[in-house]
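A.B. asks: Following this message is one structure expressed as structure tokens.
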Amino acid sequence: MPSTTLRDIVAMSGVQFGTSGARGLVASMSDDVCYAYAQAFLRAVASASGTVVLGHDLRPSSPAIAAACAQAVRDAGKDVVFVGALPTPAIAYYAALRGAPAIVVTGSHIPFDRNGIKFYRADGEISKQDEQAMLDAAVDTGASGTAAALPAAIAEPAQAYLQRYLDVFGADALAGMRIAVYEHSSVARDILGGILEALGATVLPLGRTDEFVPIDTEAVRAEDIERAARWAQEHTFDAIVSTDGDADRPLIGDEQGTWLRGDIVGILCSQFLAADVVVTPVSSNTAVERCGSFKEVVRTRIGSPYVIAGMEQAAAGHGQGAVVAGYEANGGFLLGTDIARNNAVLKALPTRDAVLPVVAVLGLARARGCRVSEVANELPPRFTASDRLQAFATELSRELIARLAQDPSAAGQLLAPQSGALAHVDTTDGLRVTFASGDIVHLRPSGNAPELRCYAEASTQEAAEALCQACLGRIAATARAPGA
């Protein structure tokens, strides 16, 4: 059978590694392409394992992609443990319990016409070095054939995921709280409510749909902002919670239906867990340093592989007993070390999780005897906003950022002309500019789709949102200008 490398398959298909896993247009993710990705993973990363855990989200295209991956596993002489439609962190957790690698078919939050595949070693997400090894791996072309039907899903992983939280936090952790769950098309829409009920909460399910909804927790849609506020008027609840499509990013709102920013959720979760070291990308709110709650804050590039690498280094440097955690601006929370709590152990889960921050924010409000809208009141008054220009070619984003990095005056005028002189420029990931006023504007190309993302930080929420929208507006106008 003819062979090539995965790198060649990537060049031909356009399906490529992003910030976390492989992503591409559904039309490009043929059986052969998906089979090749799975085969490269099995050969370059997971060759020693005889079993592979496999699951997917609720996108209509996901089962067929999962079937192609399953065929690659079987053809490699390995057993497939199919867990069905489950949250990505639940699949990763179960795989870790079994000491097995995992393949998760999910496009997470990206648009409906796209999908993706995430890969896990037995100890967590693959690294960027693993990705390079996969790209160099030999794969067979045209090997997928006709993929066999997926086997019946087992129930054990869902129960293990629920038990992870029940054992540590207890059956009365959220007693007396009434929590609305915005279900939409999240793969967690059943298990999230089940976990909250197991912890003692009363659950109000809302907004379930059979049509896939691409929830982006960093750029919440206007209709979801309006919907949550309307539900808060129509119902009585202590909080409203949801997740993105594969449930590795939370969306948490207060009793008024106002969504909390993901990087604030990350700080609150870290406080709830009494973390010693917090690792977070450069795009996250600077309140994490200013609040003084942590012994060390480590900044990284954007993307869970970089946060995981930072957590591993921090855990090695601080020794046994230190609690190391990480989060991203999207609210996804990663636990780098085990935590002993309530005569039980919350095992490390070094991949983004939506359930832990949900439980933490609700638990923190209950412990402090305050409303969810008040739980962040003790943090320094720093506010963030983010949005993106869609259908903005990645190469255009890179060219723009490179040009602005070479021309500070132009950068200041385009990013935030009313914010004063440039005080600091950070090129860790994209272009992040701090101004004399304290305002921050950060541009970077999305790693998952042709989008230019903008992150802004200011002393009020209104100012942060205005900074973000004005910057994107100027960039869009410049891109449309003749000769641009």
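A.B. asks: Rounded to the nearest 10 Å², what accessible area does Asp338 have for a 1.4 Å probe in the complete protein model?
C.D. replies: Here the accessible area works out near 70 Å².
A.B. asks: Counting only the backbone N, which residues of segment 1-25 are under 13 Å from the spot 7 Å out from the Cα of Ala138 toward its beta-carbon?
C.D. replies: Flagged as within label range: 1-6.
A.B. asks: Only four residue types carry charge here, +1 at the Cβ of Lys and Arg and -1 at the Cβ of Asp and Glu. Report the dipole size of segment 357-463 about the Cα centre in Debye, rounded to the nearest 20. Don't jump to the answer; show the numbers that get you there.
C.D. replies: Values: 10 positive and 12 negative charges, 65 e Å.
Dipole of segment 357-463, to the nearest 20 debye: 320 debye.
A.B. asks: Okay, next question. Run the numbers for Thr209 and Leu25: contour at 0.36 nm per residue of separation, minus the present Cα-Cα distance, in nm. The partial results should precede the final answer.
C.D. replies: Values: separation 184, 0.36 × 184 = 66.24 nm, distance 2.27 nm.
Net length gain for the segment: 64.0 nm.
A.B. asks: For Asp172 paired with Asp75, estimate the spin-label separation in nm (one decimal), with each label point 7 Å from Cα along the Cα-to-Cβ line.
C.D. replies: Modelled inter-label distance: 5.7 nm.
A.B. asks: Rounded, prolate or oblate for the chain? Axes are the square roots of the Cα gyration tensor eigenvalues, ordered a ≥ b ≥ c, and the cut-off for rounded is a/c under 1.5.
C.D. replies: On the way: a/c = 1.56, a/b = 1.12, b/c = 1.39.
Because a/c hits 1.5 or more and a/b fails to exceed b/c, the chain counts as oblate.
A.B. asks: If you don't mind, there's one more thing I want to ask. List the residues of segment 284-305 whose backbone N lies under 13 Å from a point placed 7 Å from the Cα of Ser459 along the Cα-to-Cβ direction.
C.D. replies: none
A.B. asks: Moving to a separate point now. Over the chain, average the accessible area per residue using a 1.4 Å probe and give it in Å², no decimals. Working shown, then result.
C.D. replies: Values: 18180 Å² over 484 residues.
Result: 38 Å² per residue.
A.B. asks: Sticking with this one: What figure, in Å² to the nearest 10, do you get for the accessible area of Glu211 with a 1.4 Å probe and non-protein molecules left out?
C.D. replies: So the heavy atoms of Glu211 present about 140 Å² to solvent.
A.B. asks: Which of the three applies to segment 166-218, rounded, prolate or oblate, going by the alpha-carbon gyration tensor with a ≥ b ≥ c and a/c under 1.5 meaning rounded?
C.D. replies: On the way: a/c = 2.56, a/b = 2.13, b/c = 1.20.
Prolate, because a/c is 1.5 or more and a/b exceeds b/c.
A.B. asks: Of Asp210, Asp407, which has the most accessible area with a 1.4 Å probe, and how do the rest follow in descending order?
C.D. replies: Numbers: Asp210 150, Asp407 70 Å².
Listed by decreasing accessible area, they come as Asp210, Asp407.
A.B. asks: Please work out the Cα center distance from segment 56-79 to segment 81-104, rounded to the nearest Å.
C.D. replies: Each part reduced to its Cα centre gives a spacing of 13 Å.
A.B. asks: What lysines sit close enough to Lys295 to cross-link, taking a C-alpha to C-alpha distance under 25 Å and skipping anything fewer than 8 places away on the same chain?
C.D. replies: The reachable lysines, counting only those whose Cα sits under 25 Å from Lys295, are Lys347.
A.B. asks: Further question: Which is farthest toward the positive dipole end of the chain among Phe333, Val81, Ala315, measuring Cα position about the Cα centre, with Cβ charges +1 (Lys, Arg) and -1 (Asp, Glu)?
C.D. replies: The residue sitting most towards the positive pole is Ala315.
A.B. asks: Measuring from label point to label point, each 7 Å out along Cα→Cβ, what is the Asn377 to Thr258 span in nm?
C.D. replies: Each label point is offset 7 Å from its Cα along the Cβ direction, giving 1.2 nm.
A.B. asks: Now for a different question. So the label point goes 7 Å from the Cα of Ala405 along Cα→C-beta, right? Which residues of segment 417-444 then have their backbone N under 13 Å from it?
C.D. replies: The answer is 425-433, 443-444.
A.B. asks: How high is the FRET efficiency from Ala155 to His235, r the C-beta distance, R0 35 Å, rounded to 0.05? Provide the component values of the computation, followed by the final result.
C.D. replies: Details: r = 31 Å, r/R0 = 0.89.
For Ala155 and His235, the calculated efficiency is 0.65.
A.B. asks: Pop out the carbon and sulfur fraction of the accessible area of the chain as a percent, whole number, probe 1.4 Å.
C.D. replies: Carbon plus sulfur share of accessible area: 50 percent.
A.B. asks: When you count, for each residue, the other Cβ atoms within 10 Å and take the mean per peptide, how do 66-76, 460-470, 118-128, 97-107 rank with the highest first?
C.D. replies: 97-107, 66-76, 118-128, 460-470
A.B. asks: Could you let me know the centre-to-centre spacing of segment 289-326 and segment 1-35, using Cα atoms, in angstrom?
C.D. replies: Distance between centres, Cα-based: 32 Å.
A.B. asks: Going through the DSSP H helices of the chain, which span 24 Å or more along their own axis at the Cα atoms while scoring at least -1.0 as a mean Kyte-Doolittle hydropathy?
C.D. replies: Helix filter hits for the chain: 461-480.
A.B. asks: Sort 48-60, 285-297, 220-232 by the packing proxy (mean of other Cβ within 10 Å over each peptide's residues), most packed first. Spell out each step's value before the answer.
C.D. replies: Working: 48-60: 21.5, 285-297: 17.7, 220-232: 15.2.
With the highest mean Cβ count within 10 Å placed first, the list reads 48-60, 285-297, 220-232.
A.B. asks: Still on this model: Among 367-373, 156-162, 21-27, what's the highest-first ranking by average C-beta atoms within 10 angstrom per residue? Mind dumping the intermediate values first?
C.D. replies: Numbers: 367-373: 14.4, 156-162: 19.3, 21-27: 20.9.
Sorting 367-373, 156-162, 21-27 by mean packing, highest first, produces 21-27, 156-162, 367-373.
A.B. asks: Would you mind telling me the antiparallel percentage of the DSSP bridges in the chain, rounded to 5? Don't skip to the end; give the middle numbers.
C.D. replies: Working: 50 of 77 bridges.
Here the share of antiparallel DSSP bridges comes out near 65 percent.
The values are calculated or read from the model by the stated rules, or taken from the named source; none is laboratory data. All of these numbers come straight from a predicted model, not from anything done at the bench. Heads up, the Cβs are rebuilt from the backbone with ideal geometry, glycines too, and the neighbour counts pull from every protein chain shown. Just so you know, the surface numbers come from the protein's heavy atoms only, side chains and all, with ligands and any DNA or RNA stripped out. Shrake-Rupley method; radii C 1.70, N 1.55, O 1.52, S 1.80 Å.
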